[in-house]
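Heads up: the structure comes next, in structure tokens.
The values are calculated or read from the model by the stated rules, or taken from the named source; none is laboratory data. The structure displayed is predicted, hence computed values, not measured ones. In this analysis, Cβ positions are derived from the backbone assuming ideal geometry, glycine residues included, and neighbour counts consider all displayed protein chains.
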């Protein structure tokens, strides 16, 4: 009986070790599932924006989409998409921003949408810096919008660049915190290569902040939205969208909060005439 027990324990340990090794080696596919997928098409987005090339600090040439702001005072919104998307999935937001009178730059990551390279945390930060360099050379009023994985990219950029505001949709405190809740049986905090530690950076950002997300987000716990908000300082706003999930917070009410937030950043007529 004892020998059977030892054999059973050995089998369980072997299965756990294989699963652990698989989780370690496949974590890139879990964090970046759309790597090397060709770009999706959006006829309206292609009509309203132009494809432009940017170069990263490590020498990659990436293609993003850009629409200049209609005047010097209007912000340019840089949109950072999530891990299971390419830039076209932020196209509905970009088009509404254009209609509202803002400029937009839809950022893209290495390895996504037909771009060269392989995604990794440091690489996506370099991609964000290149997008910012392009936009800020054409506008002095830059606002960042990061969704899900893109929230981690936006927080990093906001912590090191001059921006006018930061908007985070369905943001996490860190990738590790999300993974630790999903893979409770594994020591993911020790295994994770890419971490996106937004909570550790958020207090360093000196710009107006909007955080919004759904109360029924099943991917990133809404408690993480609150945690980021509590750690941030200065002018900050939190909008919890009732009954919205990870995918539809914008459509369920996030749009209204975003547009109101952007309007609050604009100088009033009296200020302009003073």
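What the table below lists for this structure:
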{"quantity": "Residue pairs meeting the criteria (Cβ under 8 Å; at least 6 apart or on separate chains; first under 15 Å from residue 66 (Cβ atoms), in the stretch 35-51; second modelled with pLDDT of 90 or more and exposed (fewer than 12 other Cβ atoms within 10 Å of the Cβ))", "calculated": "none"}
{"quantity": "Top-ranked residue in the stretch 190-225 [being out of contact with any helix residue (DSSP H, G or I) (no Cβ under 9 Å at 6 or more places or on another chain) and under 18 Å from residue 252 (Cβ atoms); ranked as surrounded by the most Cβ atoms within 10 Å (Cβ to Cβ)]", "calculated": "225"}
{"quantity": "Qualifying residue in the stretch 104-116 (condition: over 18 Å from the mean Cα position of the chain (by Cα), over 19 Å from residue 262 (Cβ atoms) and touching a residue at least 60 places away in the same chain (Cβ under 8 Å))", "calculated": "yes"}
{"quantity": "Hey, residue 152 touching a residue at least 60 places away in the same chain (Cβ under 8 Å) and either within 27 Å of residue 221 (Cα to Cα) or in a loop (DSSP other than H, G, I, E, B) (or both) or not", "calculated": "no"}
{"quantity": "Residue identified as over 19 Å from residue 32 (Cβ atoms) and modelled with pLDDT of 95 or more among 122, 137, 126", "calculated": "137"}
{"quantity": "Residues (at pLDDT 80 or above, under 14 Å from residue 121 (Cβ atoms) and not in a loop (DSSP other than H, G, I, E, B)) located in the stretch 179-204", "calculated": "198, 200, 201"}
{"quantity": "Odd one out for residue 90, checked against (1) part of a loop (DSSP other than H, G, I, E, B); (2) under 12 Å from the mean Cα position of the chain (by Cα)", "calculated": "(1)"}
{"quantity": "In the stretch 148-172, the residues that are touching a strand residue (DSSP E or B) at 6+ places or on another chain (Cβ under 6 Å) and over 16 Å from residue 202 (Cβ atoms)", "calculated": "164"}
{"quantity": "Residue in the stretch 228-237 that is out of contact with any helix residue (DSSP H, G or I) (no Cβ under 7 Å at 6 or more places or on another chain) and at pLDDT below 95 present", "calculated": "yes"}
